[in-house]
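Accompanying notes for the structure given below.
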Amino acid sequence: MDIYLIRHTAVYNPNKLCYGQSEIPLEENFTVDFDWIKGTLQSQFNSDTLFISSPFRRCTKLADYLSDGNYQINNQITEINFGAWEMKPWTEISEQEINPWMQDFVNYRIPKGENFIDLFERVISFYEEIIKKEVKNIVLVTHAGVIRSLASYVLDFPLENAFNLQVDYSSISKIEYDEQNKSSKVIYLNRTIQV
């Protein structure tokens, strides 16, 4: 089974807001990236391909385009919940709150939100379910935190180092699951449009 992990395209965020589980619009030129992603992957898709999207519009728009409207939504592959920080400018989050998170984002739970372990555990629970499906290809349209979690899991990579994994907007990553050996491997990470 091939599992393609696609991060949504760039968002319009001139005020540098903290967003995770909030709606935020896409940059105006998103169709260029939509076309590149579809063109890059279309030869891999078939009638058996399962498309799954995070529920946020920045993901569902792309999932709808790639799948011709035939996709599922799953709340387990949403971005980390930034809780009380959602839609606040990063510069307006107090040092007393943000410093402990920056020093230990894996364990520090954001007020009314999640820590990275929360995100990781729900994403891996989702992954363990989808690899049981009898399909050849799965396409996930999701977020950087989800992709970092899956890559860290497959690579047995310390979560403390998850942000060392570059995951750009519009990037494609690929995991291969071998049913016979019950093993997963990262085939590539962060393939992006060449400009």
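In the set (1) in a loop (DSSP other than H, G, I, E, B); (2) farther than 13 Å from residue 4 by Cα, the condition left unmet by residue 125 is number (1). When segment 84-117 is filtered for residues that are more than 16 Å from residue 163 (Cα to Cα) and either within 18 Å of the chain's Cα centre (by Cα) or in a loop (DSSP other than H, G, I, E, B) (or both), the ones remaining, listed by number, are 86, 87, 88, 93, 94, 109, 110, 111, 112, 113, 114.
Among the residues that make up segment 118-129, is at least one of them within 19 Å of residue 149 (Cα to Cα), polar (S, T, N, Q) and surrounded by 16 or more Cβ atoms within 10 Å (Cβ to Cβ)? No, every residue in segment 118-129 fails to be within 19 Å of residue 149 (Cα to Cα), polar (S, T, N, Q) and surrounded by 16 or more Cβ atoms within 10 Å (Cβ to Cβ). Taken over segment 170-195, the criterion of being touching a helix residue (DSSP H, G or I) at 6+ places or on another chain (Cβ under 8 Å) and either in a helix (DSSP H, G or I) or surrounded by fewer than 16 Cβ atoms within 10 Å (Cβ to Cβ) (or both) is satisfied by 185 alone. One residue alone among 139, 135 is within 22 Å of residue 192 (Cα to Cα) and touching a strand residue (DSSP E or B) at 6+ places or on another chain (Cβ under 8 Å), and that residue is 139. Among the listed residues 167, 154, 146, 139, which satisfies the condition of being assigned to a loop (DSSP other than H, G, I, E, B) and of a type in the set (A, V, I, L, M, F, W, C)? Selected residue: 167, the only one of 167, 154, 146, 139 that is assigned to a loop (DSSP other than H, G, I, E, B) and of a type in the set (A, V, I, L, M, F, W, C).
Selection of segment 158-169 for residues being surrounded by 16 or more Cβ atoms within 10 Å (Cβ to Cβ) and aromatic (Phe, Trp, Tyr) yields only 169. Summed over segment 28-72, residues that are closer than 28 Å to residue 121 by Cβ and either under 13 Å from the mean Cα position of the chain (by Cα) or among the acidic types (Asp, Glu) (or both) total 10. For the residues 40, 31, the requirement of being touching a Lys or Arg at 6+ places or on another chain (Cβ under 8 Å), in a helix (DSSP H, G or I), among the polar types (S, T, N, Q) and over 19 Å from residue 146 (Cβ atoms) singles out 40.
Residue 148 meets the conditions (1) surrounded by 21 or more Cβ atoms within 10 Å (Cβ to Cβ); (2) under 22 Å from residue 41 (Cβ atoms); (3) touching a residue at least 40 places away in the same chain (Cβ under 8 Å) in every case but one. The failed one is (3).
Restricting the first member to segment 71-90 and to residues that are over 14 Å from residue 146 (Cβ atoms), and the second to residues that are polar (S, T, N, Q), the beta-carbon pairs closer than 6 Å and six or more apart or on different chains are 71/53; 86/22; 87/22; 89/15.
Each value in this text was obtained by applying a stated rule to the coordinates, not by laboratory testing. This one's a predicted model, so the numbers in the text were calculated from it and none came from an experiment. FYI the Cβ positions are ideal-geometry reconstructions off the backbone, even for glycines, and counts take in every protein chain you see.
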